[in-house]
Every structure is written in C-alpha cells, then in structure tokens.
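Have a look at the structure below, then the notes.
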Amino acid sequence: MAAGVLYTYPENFRAYKALIAAQYSGADVKVAPNFVFGETNKSAEFLKKFPAGKVPAYESADGKVLLSESNAIAYYVSSAALRGADAATQASVWQWASWADSELLPASCAWVFPYLGIMQFNKQNVERAKQDLLAALKVLDGHLLTRTFLVGERITLADIIVFCTLIHAFQHVLEPATRATLVSVTRWFNTLAAQAPVRSVLPDVALCSAPPTYDPKKYAELAGNKKESGDKKKEKKAEKKEQPKKAQKEEEAPLEPKEPAQADPFDSLPKGTFNMDDFKRCYSNEDEAKSIPYFWEKFDPENYSIWYAEYKYPEELAKVFMSCNLITGMFQRLDKMRKQAFASVCLFGGDNDSSISGVWVWRGQELAFTLSPDWQIDYESYAWRKLDPAAPDTKQLVQDYFSWSGTDKQGRKFNQGKIFK
Amino acid sequence: MSACNVQVIKQIGKYYNVPVGTVCYNTDKVLTTVLNKQSIEGFATIVLKLASSGGVKLSQEQMLLSYQWLEHLAMYVNQASANPAFALGFLKDINKALEKNTYLTGQSLSVADIAAYYVLYPIVKRLSVTELESVMHLSRWTRHIQAQPRVCTSQPPLTLNTLNLSILAPAVH
Ligand SMILES: N[C@@H](CCC(=O)N[C@@H](CS)C(=O)NCC(=O)O)C(=O)O
C-alpha cells in the first residue's frame, strides 16, 4: 500500500483528490509539514524532484516514486476498487478525470474567482464562464439521473475527482435556485460530501446559500497585498497566485503538533566573548559604517568562525524571484540556527544570468549544519570556504556582503540581499 | 399477498446472514417470529432486529427513518400488490423521495433500502417501460441496490429497460 508525503498548501482542492482517495484505500499519505507555498516548491531541493515546481506533488516514503499532477497522484494512492476492476471501467474513470480538467475546471475558476476577489470581475467573462459550467453540469445531471455514481454502481476515483473539482462552484456560485435545476448532480454531490472518508478530509462543505455578489473592494485589497509582497509573483496568473495566498493565512494553516522543545545544538559549544544578539542589534539599528567596525572589534576568532558560501548551480537560476525564494527558503529551514548565526546572502546579476553567494558567521569552528539533522537540506547546494579572520580579503568580503555592495567573481552587479539574523 | 412479507423477511435474513426463526402471522394477523426465545412482532421491528443481529449499528436518527420507511412499506404493499393503479401512486411517492436522496434514509445504504428492494421487487417487475419512465429515480435506485453485494442471491436482478436507461446506459448484463 502506498505511503508517502504530499506537498501542498492547505485547502487545496487538487490535493483533496489524493487525500480522499487515501482515506478510501487506507494509503498512508501525510501532508508535508512546514510547506510554504512559493518557497518550498521553488527550492532547489523541490525542483530537483519536481521540476515544474507545482503542487500538489507526491513523494513516496522510500523516495522512489515522485509524482506531480493531482489526478496521477490520486490514482497512485487509490485502491483497485477506486481505480476500477477492468480496462473499460478504468478508462471511464480516466474519461471523467479528463472531462473535469477540461470541461469543468476552467469554467468553474472563471466563474468563481471574480466573486472571491482573486480575479478581476468582467461581466462578459463571468457570464460566459457561467454558461459553460452550467452546460457541462447539464451533461453530468443527465448522466446522474439514471446512475447513482459516475462509473458502475460504486464510488470510484471518477467521483472523487469530479467532486473535488466542483467544490468551489458548490460553495460559492451554485445557489439554491441553480441547484434546483441540477437535481441529480446535487443529490450526488451531497452524497459524496456525506461519506465518512470524504468528511475526514473535508468535514463540512457549506453549500452556497444565495446568489453570489461581486465585491470590488475585495479584489482591490488582494491586488494591493500582491504589490506589497513584492514583484515575485507578478508573472503568474491570478488564479495560481491568489488561491494559495488565501490558503496561507495563518488561521487556516493545518494543525501541526507542536514539536517538543529541543536543546539548541550550539549549546554544546563554548560561548566565547562575541555576543551575537548585540551585534545583530547594532547591525539592524546602525549604519554599516558603524556596525562593521563594531563586528571586528567584538569578534571572537577563538570560538566563532566566518564562512564564504557560493551556490553551486548558478546556471539553474532563471528568474530573480526564484533565486530570492531559494535564499529565504533556506533561511526558513535554518530557523533554529538563528540564535548563534548571522549571514548576508546576496544575489548578483539579473534574470538568467545570476549567482548567489554570502558571508556567514556562527559559533564554533566547524560547518554548523552538521550539528542538527534539520539543517542539512540546503547546505550541500553551496560550496563552503572557511575564511581567515585575519586576512585582508576577508575584511573586504565582510565589508562587501554586510553592506550589500560590490560584484560577484564574474563582475555581476549586486541585485538583492537577504540577511539571516 | 401476505406471503410476500414472510418471503421478504427470509431474503433479508439471508442478506444479513442471520437466522429469521419461524415467521408467521399470529392470531391478530401480525407478522411474528421467535428469535432467541423472544417473540418479535411486526414487519418493521423484525427487520430492524435482523439488521442489528447482522451487526448493523444505527444512529437514533437512522433507526427512526428506517422504521418509518419499513412501516410505510408494510402498510401499503399489500394494496399495491393487488391494485396496479394504486401501485403506481405508491411507487411515485418513493420515487419523489429518491430524487434528492441517493438512498431512502439519506446518504448511505441502510436496512430500509435492502428491505424496500425486496418488498418492491415484484411490483417493479410488473411495470411497463412507460411506467418505469415515470419513476426514473426509483429505477436509478433499484439498479444501484441490486448491484450491491449479496442482494441478488435468491432472485435475478430486474431488467430495467426504460427508454432513458437503455439509451444512456446500455444494459450490462
Ligand atoms: N494540473 C495540475 C495543476 C497544479 C497547479 O497548477 N498547481 C499550482 C497551485 S494550485 C501551483 O503549484 N503553482 C505554482 C506555480 O505555478 O509556480 C494538478 O492538477 O496538479
């Protein structure tokens, strides 16, 4: 039986396909903890496994099965009963999965998203999408008039996939009067929503109670947020960008058991005289003209070390925003290292011609990443060089990186910097 | 056609794989059986008892809804068996309930569906194609119930050749 990890942001209807199928089949599918949309799925490590950088994505427990595309993942974690007993049944399941992707999904998004404020409202487009979806649902209604479920006389993956694809529409736009024209589809949808395996993933699907209304403020707000969060998502379609953003809100984050308090791995090393917190405070509050001399004045070469790190695969760095995600993603995974470490990591150059490198400082004389299993994810993608604190070119590197100036070895100009503190 | 109910009890017992005792009518003409030295009276009560000895656990609500359907069936089935015009009205009521509900008691297969299927079998069997057309939801439900495991052990599934069904879903058997 399948066992593995599903990468997704919370409340992703595509991920529900696999999660529900797993409930039916008994497959052991866990949602990856600490997933951050736009970071985790853009990290070098993720892209190595899933080059498209999209979610949901699935990794089997033994790491041998890597899958993206929600329908394929759901198929993989399904039981034989969900997949269908013979080729004809399996083909029918596949037929409905393709039909959902091509006939339902685009129309549903184009109808629902403007009302959620995550796509611009254009009356004509919304009206067309509505007609398209209703036409498709009429076909489905005819099918379900004479059948209890989509394929054969039992629930299959076809029901799960079509159900998941229709969740947004039933929640937000298919109001009671419309549902009254789709009696069989509604009957079927309610039956699926009530099944125990579905409920354990989606405890309550509240059906749309009144015709949707468009709220221009909502869109303006979300569009405004987008700007604040930087240009990194600009090139993506509104659909892809906004849905996860909504899901990322803290109160909607999945409940994760709190990790037991862990001892700081740095505790095993002598404290020395350099106070990391004091330096960070100085660096944050003062100009580099002050904080860099302060650093050299306080630095304790006995108990602390300075390192130069260079990302090993600069040719893989396409877009600037991806590179920035790579850096912030790494920082996030190294969160517990913050207390006794500091770094300035910089991106040089622009789209399709860039490099990443940085200067790191931490307690101890060894590569700190070996101190904790949590820290091993990213560091191997970098070449690490220990710097001699007394050497003049170390002074220069520290100067350049801490003050975000200078160029990389190839002469690419400083573009952006991120501070780990 | 009172024998109909005795036979239905036997079929339900077979479905749940439990003994039904000696089913007969007592002096008040009430269907009765004796199980574990206990006398049980009435169609609905006997059916619920069989389901529970078969391991079925019902919530209070499911129990009441099932009871209601079983009583309804017991009350009208004899008249429906005897009178085709009455039968059609009887089936149309059930059809109405199955328009919005996948199963008689809601969202999952229950003892009411199993019992109703056996009770209605001879009545549905007599319907003409046009009559079947007028109870599409009941046809949909019948087709579904008889496809469930262990339902068709003692009699063949009904052939539900309504125009609609045969156009949209060519018969599999
Ligand atoms: N057809 C794919 C679509 C997956 C997809 O578009 N995922 C979006 C989020 S809903 C994503 O990961 N986007 C990230 C990106 O485009 O960079 C599926 O069904 O899994």
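The values are calculated or read from the model by the stated rules, or taken from the named source; none is laboratory data. All values reported here derive from a predicted model rather than from experimental measurement. With ideal geometry, Cβ positions are generated from the backbone for all residues, glycine too; neighbour counts draw on all protein chains shown. Surface accessibility is based on the protein's heavy atoms, side chains included, excluding ligands, DNA and RNA. Shrake-Rupley method; radii C 1.70, N 1.55, O 1.52, S 1.80 Å.
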*Using the alpha-carbon centroid of each, what span in Å lies between segment B:131-148 and segment A:280-359?*
69
*Relative to the first principal axis of the alpha-carbon coordinates of chain A, what is the inclination of helix A:216-228, with its axis defined by its Cα atoms, in degrees from 0 to 90 and to the nearest 10?*
30
*So for the pair A:D278, A:S79, with labels modelled 7 Å out along Cα→Cβ, what separation do we get in nm?*
6.5
*Using a Förster distance of 22 angstrom, determine the FRET efficiency expected from the C-beta separation of B:S128 and B:D93, and round it to 0.05.*
0.70
*Can you send over the carbon and sulfur percentage of the accessible area for segment A:285-421, probe radius 1.4 Å, protein chains only?*
48
*Extending each Cα 7 Å along its Cβ direction at B:Q79 and A:T394, get the distance between those two points in nm, one decimal.*
10.0
*Potential lengthening between B:E61 and B:S108 on full extension [0.36 nm per residue; Cα-Cα distance subtracted]*: 15.6 nm
*Give, as ranges by residue number, the residues of segment B:42-56 whose backbone N falls under 16 Å from the point 7 Å along Cα→Cβ of B:V30.*
B:42-49
_Assuming 0.36 nm per residue, please report the length gained on full extension of the stretch A:A88 to A:A194 beyond their Cα-Cα distance._
35.4 nm
*Options A:L82, A:Q131, A:S92, ranked by Cα towards positive dipole end of segment A:75-138, top entry (Cβ charges)*: A:Q131
*Calculated FRET efficiency, A:E45 and B:C152, Cβ-Cβ r, R0 51 Å, to nearest 0.05?*
0.40
*asked:* For segment A:3-78, what does the accessible surface come to per residue with a 1.4 Å probe? Please give it in Å².
replied: 40
_Given a Förster distance of 60 Å, report the FRET efficiency between A:D267 and A:A206 from their Cβ-Cβ distance, rounded to the nearest 0.05._
0.75
*Which whole-number value in Å³ per residue fits the convex hull of the alpha carbons of segment A:36-164?*
134
*Okay, which of segment B:63-96 sit inside 13 Å, backbone N to the point 7 Å along the Cα-Cβ direction of A:V183?*
B:92-96
*Over the heavy atoms of A:T213, what accessible area does a 1.4 Å probe trace out, to the nearest 10 Å²?*
110
*Round to a whole angstrom and tell me the spacing of the C-alpha centers of segment A:5-80 and segment B:70-93.*
52
*Top positive-direction residue, dipole computed over chain A with Cβ charges, set A:F121, A:F331, A:F342*: A:F121
*Taking the Cα centre of segment A:3-78 as origin, sum charge times position over the Cβ atoms of Lys and Arg (+1) and Asp and Glu (-1), and report the length of that vector in debye to the nearest 20.*
140
*Percent of accessible area on chain B owned by carbon and sulfur, 1.4 Å probe?*
56
*Interface A:B - total buried accessible surface [probe 1.4 Å, Å², rounded to 100]*: 1400
*Calculate how steeply helix A:123-145 sits against the longest principal axis of the alpha-carbon atoms of chain A, using the helix alpha-carbon long axis, and give the answer as 0 to 90 degrees to the nearest 10.*
50
_Show me, bin by bin at 20 Å from 0, the whole-percent P(r) of chain A based on Cα pairs._
23, 46, 25, 6, 0
_Relative contact order for chain A: what percent, with Cα pairs under 8 Å and sequence separation of 6 or more?_
15
*Assign unit charges at the C-beta atoms only (+1 for Lys and Arg, -1 for Asp and Glu), then state the dipole size of chain A relative to its Cα centre in Debye, rounded to the nearest 20.*
900
*asked:* Leaving out ligands, DNA and RNA, and with a 1.4 Å probe, what % of the accessible surface on segment A:82-199 is carbon or sulfur?
replied: 54
*Modelled label-to-label distance, A:D335 and A:K138, 7 Å Cα→beta-carbon offset: nm?*
5.1
*So how tilted is helix B:3-16 from the main axis of chain B? Cα-based, degrees 0 to 90, rounded to 10.*
90
*Go through segment B:132-146 and flag every residue whose accessible area shrinks by 10 Å² or more with all protein chains in place compared to the isolated chain (probe 1.4 Å).*
B:M136, B:H137, B:R140, B:R143, B:H144
*Extension gain (nm, one decimal) between A:E69 and A:D351, 0.36 nm per residue minus Cα-Cα*: 98.8 nm
*asked:* Could you work out [θ]222 nm for the protein assembly as shown from helices alone, using -39500 (n - 2.57) per DSSP H run of at least four and dividing by all its residues? Round to the nearest 500 deg cm²/dmol.
replied: -15000 deg cm²/dmol
*Report the antiparallel proportion of the DSSP beta bridges in segment A:3-78 as a percent, rounded to a multiple of 5.*
65
